[in-house]
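The values are calculated or read from the model by the stated rules, or taken from the named source; none is laboratory data. Quick caveat, the model's predicted, so the values are computed rather than measured. Here the Cβ positions follow ideal geometry from the backbone for every residue, glycine too, while neighbour counts run over all protein chains shown. Side chains are part of the model used for accessible areas, which takes the heavy atoms of the whole protein and leaves out ligands, DNA and RNA. Shrake-Rupley method; radii C 1.70, N 1.55, O 1.52, S 1.80 Å.
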Amino acid sequence: MDAFLNQAFAGLSMASILLMVALGLAIIYGAMGVINLAHGEFVMLGAYSAWLLQTSLGLGILVALPIVFLMVALVGLLVERGVVRWLYHRPLDTILATWGVAILLQQLVRSVIGSESRYVAGPTILDGNLVLGGVVMSNYRIFLIFFSLAVVAATWFLLKRSEFGTKLRAVIQNKEISECYGIRADRVYALAFAYGAGLAGMAGALITPLVSVTPSMGTYLVVDAFLVVIVGGVGSLLGTVAAAGMVGEATAMFSMLMNDTIGRIAVLLAIIFLIRFKPMGLFPDKVRR
Amino acid sequence: MLEARDLYSFYGKSPVLQGVNFKAGKGELFSILGRNGVGKTTLLKSIMGLTDGIKGTLRLKEESIGDLPTPERARRRIGYIPQGRAIIPRFTVKENILMGAFGREDGRREMPEGVLELFPILKEFMNRRGGDLSGGQQQQLAIARALALGPEVLLLDEPTEGIQPNIVQQIEEVIVHLNKKMGITILLVEQNIPFARRVSDKFIVLDKGRVAVAGSAEDLTDDVAHEFLAF
């Protein structure tokens with residue numbers, strides 16, 4: 001029973017990282033229709049930014065978070081302005097182009113920083129564990145769970161309550177009429193893309209104490225993040241949260257019951273099964289048109 | 001107020017408008033008439049910069065606007081109410097109206113004055129989704145949204161098309177009110193000739209992308225209607 005609960009907790013903390021990666025994707029893919037294969041590289045850049053800030057300036061992860069967010073958001077902005085914005089009506093070309101960007105970023109990091117694994121120390125303030133019966137929960141992982149929920153709340157507020165979010169939702173639903181009412185759609189898209197990239201960067205920084213930092217670390221995460229967006233239902237924040245929890249937990253549980261590889265196959269099968277019966281995801285957004 | 005000289009407008013490489021001239025004065029109700037497919041909607045879209053490109057001059061208050069991107073034209077207080085109304089389906093009625101104010105230069109994001117008196121039904125439905133309203137209600141909403149912009153010019157594309165008859169008259173009264181009482185210059189694309197004749201100061205009839213007839217309301221005779229407008 002304790003082993004089960006420990007695994008469930010580990011799954012939950014993985015889910016919270018996944019959630020932050022998937023939120024950015026949910027905005028970029030779900031809202032703007034861009035399949036951004038470079039999203040995993042934004043995670044990777046976030047991780048390297050955290051490493052760089054720690055080794056060169058001695059900044060802890062928590063202090064570095066806002067800086068990492070801005071750094072990766074800037075990279076996202078450049079990718080959008082330089083590549084993606086020319087391809088909004090050409091989804092297949094976007095896949096290829098962003099894949100190219102992904103390879104480019106990976107190789108750039110390999111050439112400049114090197115391909116060996118890097119390690120980042122977790123924040124000392126969050127050292128230690130919370131022990132409840134037989135369940136050992138590291139404080140850092142508990143922090144991750146709450147932080148990711150805070151990020152969801154902030155994103156919800158940004159999308160539903162701020163003027164920027166209203167403009168983004170308007171542009172998503174009808175770009176032409178939005179422009180007819182003074183909304184500069186290209187600017188809105190660029191900022192949304194940058195925000196999604198920034199979230200991925202933060203997720204990358206936060207995952208550094210748990211995994212080693214390598215140039216290809218994002219690839220694995222981005223696949224799961226896409227799964228989350230698809231399972232959750234495009235355009236639904238609640239769906240993204242629920243799906244991140246499910247994918248994270250399912251991965252943890254299947255891995256415990258079988259092994260990592262078989263567990264992974266089981267998760268994919270489960271998702272295929274789910275999509276067969278709920279093709280629009282768990283929480284599709286329905287409206288009369 | 002708003003004028004076009006030798007205006008060509010393109011979809012891809014095909015010119016849909018071919019040398020259109022018109023001039024709508026301040027406070028005028030200016031009708032654009034003609035059969036289906038002669039370029040009426042394209043003319044309004046060209047004013048908003050929604051076609052693939054134009055040649056010729058397009059001027060608002062003596063300023064050339066032909067090269068401006070669409071949002072900049074909106075900021076010069078042109079309110080556009082397209083065919084099909086283009087309500088944002090997932091926005092509430094309130095969000096739909098306030099969206100119109102994004103084009104305001106003064107940064108005010110308020111419910112436009114008098115709109116809820118003009119359209120009491122919108123007050124009732126303030127928190128419903130725009131996509132759940134009927135066609136007539138959506139048309140009222142589209143006009144309300146345009147008013148939130150504080151427009152000097154309104155472009156109305158067949159505002160009574162596909163709307164239940166009891167609301168048609170109400171919308172026609174509102175159009176007259178906006179023009180005569182509030183002094184907003186209106187460009188009206190219309191199929192309903194008696195209505196256009198009754199309320200227009202001036203009109204043009206388009207035929208195959210060109211102006212076939214232009215004049216003031218009394219020039220819109222039955223002969224003109226028969227030649228260019230009957231089906």
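Within segment B:108-130, the residues that satisfy the criterion of being within 13 Å of another protein chain (Cβ to nearest Cβ) and either farther than 21 Å from A:ALA170 by Cβ or among the basic types (Lys, Arg) (or both) are B:ARG108, B:ARG109, B:ARG128, B:ARG129. Taking segment A:150-165 on its own, how many of its residues are in contact with a Leu (Cβ under 8 Å, 6 or more places away or on another chain) and either away from chain B (no Cβ under 14 Å) or closer than 19 Å to B:GLY100 by Cβ (or both)? Counting residues in segment A:150-165 that are in contact with a Leu (Cβ under 8 Å, 6 or more places away or on another chain) and either away from chain B (no Cβ under 14 Å) or closer than 19 Å to B:GLY100 by Cβ (or both) gives 6.
As for segment B:161-173, it holds no residue that is under 23 Å from B:LYS23 (Cα atoms), of a type outside the set (Asp, Glu) and either touching a Gly at 6+ places or on another chain (Cβ under 9 Å) or open to solvent by 30 Å² or more (accessible area, probe 1.4 Å) (or both).
So, of the residues in segment B:23-49 that are within 13 Å of B:VAL189 (Cα to Cα) and among the hydroxyl-bearing types (Ser, Thr, Tyr), which turns out to be surrounded by the fewest Cβ atoms within 10 Å (Cβ to Cβ)? Going through the qualifying residues, I end up with B:THR41. Within segment A:156-192, being in contact (Cβ under 8 Å) with a residue 40 or more places away in the chain and more than 27 Å from B:THR51 (Cα to Cα) holds for A:TRP156, A:LEU159.
Within the set A:ALA200, A:ALA192, the sole residue that is under 25 Å from A:MET14 (Cβ atoms) and more than 14 Å from chain B (Cβ to nearest Cβ) turns out to be A:ALA200. Of the strands (runs of 3 or more DSSP E) entirely within segment B:170-231, those holding at least 1 residues that are of a type in the set (Ser, Thr, Tyr) occupy B:185-189, B:210-216.
Residues of segment A:111-153 that are touching a residue at least 60 places away in the same chain (Cβ under 8 Å), open to solvent by 60 Å² or more (accessible area, probe 1.4 Å) and polar (S, T, N, Q): A:SER115, A:THR124. Looking at B:LEU156, B:LEU178, B:LEU141, B:LEU147, just one residue is closer than 24 Å to B:GLY39 by Cα and under 16 Å from the mean Cα position of the chain (by Cα), and that residue is B:LEU156. Inside segment B:126-149, residues that are surrounded by fewer than 19 Cβ atoms within 10 Å (Cβ to Cβ) and either in contact with a strand residue (DSSP E or B) (Cβ under 6 Å, 6 or more places away or on another chain) or not in a helix (DSSP H, G or I) (or both) make up a count of 5. Exactly one residue out of A:TRP156, A:TRP86 is closer than 19 Å to A:LEU199 by Cα, of a type in the set (A, V, I, L, M, F, W, C), part of a helix (DSSP H, G or I) and open to solvent by 70 Å² or more (accessible area, probe 1.4 Å): that is A:TRP156.
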